[in-house]
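Take a look at the structure below.
Computed from the coordinates by the stated procedures, all read-outs in this text should not be read as laboratory data. It should be emphasised that the depicted structure is a prediction, and the values quoted were computed from it without experimental measurement. Backbone-built Cβ (ideal geometry, glycine too); neighbour counts: all protein chains shown.
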């Protein structure tokens, strides 16, 4: 239900981005620009589970490659593929015969995603982008042996999470090489962790729904463009939430052709 | 610091680095580099990927950091007090390997995993310090004869209570001689006055004492500044009197009592404790326990104290958990019956528990020390009630298997695995209900350990 609403919001924001772009008179580019983007990101986010009864942290490292295509001047879309390391430490599964406290550290997974962006030139020194980005982390299945009991057993687990970010980015373009910016985004994260337990005749499984706390993120960053062919973009962001603050950071290398 | 001293320190650091290289390309074997001062016990749990280090006081902070960097470790945090660090484990190495390597370094005073500690719940019941069965600290025990106990020869109740103290929604039916309904440590725990099948009335008061003894172990009121602690701290008790004042019961009454208790499942009866038995099989008794099993009630029964074969109903293997008795050293109570039907064991020697008021004479204390498998069984019944309280969705077989598989094989030196003396071993509440910790050790087979 929650996920469905979030997907609708993301679609709506993407649609708004596209419509606004058209309304503000974007025009066909002289040529289609293609921009490969390499990105690394880290975030630390509080997640709630068991109907908000418990909390733990999701730490993630994301390494992605995106291909950004600009078919219309100022309007671009991207497809993202990547590798992730997600740390669900502290997630406890109590719906199986033997309860499990996942403290397995960073677990690998594949990232898939995509996004839309529309640029508006406000003045010679200020620009605004509307961005919408969706990413899903498809965790690989991990197996563990259960020792220390009279009967040995196995566990297998797999975490999947989704994130939607959408909102405006305000750029200052008054410097020659540096373009600082501020981003404010709707930022929703949710997912599930599937765990299965087999200990002799005992078996159980639990699909644990997780939800990231906070719905909005605020970022500051800068884009450094020493040449027209390459740009380095870095940002740090925070996600205010009830009784705390989550955070993240990302760096990007943008190649332009 | 003088220049010569600095050079010496650098030399030592480099020597230490090469003598215990955790970042090098050669395969690293902690067992092959001499005795370590400390190692990670396999039974303890700790934060994955982290190690705590303390340098000798003579080492300056600058060199401490140089040394840590030489190991390829990232300093996560500097702790208060000189020379103490929380550090990350070098990529590709386990916590154990890193601890072992650091402990080879003469500049390091000690290194150890960043252990996870769990709060234990200690109730305020004044006689709790005599309940070695629940928590055995070892040393001289406050029992008759002041025996020396073995640390850890207990059912890990205090650690288990951290996860659950039970739910008042669930009841343990005590099929016995009744319960002293006005006992200060039991009156608040009885769901009702129960049912007396001996005298055919609704007052299951205890006119023998045995039922009160059993009830206190399973579910005495706990943390009430009175007497003892019960295993199922918050669970209720249902007295069902099927044995008379002499501790003898007729099978028709026993049958009626078990069936009645099983029919109380909708009122929360999920566990039946049977601390009695007979040497011969009885079809009526078998039918009764099978009925209760089919109704979703876990039946826990004492194996018997004759030193012979397991008594019935404990011997009805498919439907009943058969319990033998151990002592404060985790050794078997010598009169505990034996057989392949034994599932688990629990402490049953010199166990302090409730007795009916005035049991030892006018003005006597309401507590006494008892021995036998009758006393062991309610420890297991209490554990079953704790499991039901947090996982009511489990089947009877699931609960029985959790109790079996989480038991400590305390006689494994002579009888590894399930045996006819202690079954799977002495029960362990912590293992049964506290979440198992799953950790990944880099470069090794991922393993779940507690």
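A few comments on the model shown:
- Entry note, chain B: relative contact order of 14 percent, from Cα contacts under 8 Å with a spacing of 6+ residues.
- Take the Kirkwood radius over Cα pairs of region B:260-414, plug it into Stokes-Einstein at 10 °C and 1.306 mPa s, and you get 99 µm²/s for translational diffusion.
- Using alpha-carbon coordinates, inclination of helix B:283-294 to the longest axis of chain B, degrees: 50 degrees
- Taken over the C-alpha atoms, region A:33-87 has Rg and Dmax values of 16.2, 48 angstrom.
- FRET efficiency for residue A:73 and residue A:203, using Cβ-Cβ distance with R0 set to 45 Å, rounded to 0.05: 0.20
- Cα-based helix-to-principal-axis angle, B:61-70 vs chain B, degrees rounded to 10: 80 degrees
- log10 of Debye I(q)/I(0), alpha-carbon scatterers only, for chain B at 0.11 Å⁻¹: -0.82
- Rg ratio for region A:61-192: its Cα radius of gyration over 2.2 N^0.38 Å, N being its residue count, equals 1.48.
- Gain on full stretching of the segment that runs from residue B:280 to residue B:412 - 0.36 nm per residue minus C-alpha separation: 44.5 nm
- Between residue B:245 and residue B:62, the simple spin-label model (points 7 angstrom out along Cα→Cβ) gives 9.0 nm.
- Inter-label distance, nm, simple model (7 Å from Cα along the C-beta direction), residue B:294/residue B:340: 2.6 nm
- Directionally averaged projected area (convex hull, Cα atoms, region B:216-343), nm²: 8.8 nm²
- Measuring nothing but how far apart in sequence close Cα pairs (under 8 Å, 6+ apart) lie, relative to its length, region A:137-205 scores a relative contact order of 33 percent.
- Relative contact order of region A:2-255, defined on C-alpha pairs under 8 angstrom at six or more residues apart (%): 17 percent
- Shown is the FRET efficiency for residue A:141 and residue B:91, computed with R0 = 30 Å from the Cβ-Cβ distance and rounded to the nearest 0.05: 0.85.
- From the Kirkwood radius over Cα pairs of region A:175-257, Stokes-Einstein at 10 °C and 1.306 mPa s returns a whole-number translational diffusion coefficient of 99 µm²/s.
- Highest mobility in the GNM of chain A, judged by mean-square fluctuation with C-alpha springs under 10 Å and restricted to A:97, A:71, A:36, is found for A:97.
- Length available on full extension from residue B:395 to residue B:200: 0.36 nm per residue minus the Cα-Cα distance, which gives 67.0 nm.
- 13 Å cut-off, amide nitrogen to a point 7 angstrom out along residue A:220 Cα→Cβ, residues in region A:160-197: A:180-183
- Whole-percent P(r), chain A, all Cα pairs, 10 Å bins from 0: 7, 28, 32, 18, 10, 4, 1, 0.
- Angle in degrees between helix A:2-23 and the longest Cα principal axis of chain A, rounded to the nearest 10: 10 degrees
- Difference of contour (0.36 nm per residue) and Cα-Cα distance, residue B:76 to residue B:252: 56.4 nm
- When the helices of chain B are scored as -39500 (n - 2.57) per DSSP H run of n ≥ 4 and the total is divided over every residue, the value at 222 nm lands at -7500 deg cm²/dmol.
- Of all beta bridges that DSSP places with both ends in region B:126-433, some 25 percent have antiparallel geometry.
- Paired Rg and Dmax values of the protein assembly as shown, which use every Cα atom, in angstrom: 32.3, 106
- GNM remark for chain B: springs join alpha carbons under 10 Å apart, and the peak mean-square fluctuation among B:123, B:356, B:147 falls on B:147.
- With a Förster radius of 56 Å applied to the beta-carbon distance between residue A:44 and residue B:223, the computed FRET efficiency rounds to 0.90.
- Under 17 Å from the residue B:317 label point (7 Å along Cα→beta-carbon), backbone N, region B:274-291: B:281-282, B:286, B:290
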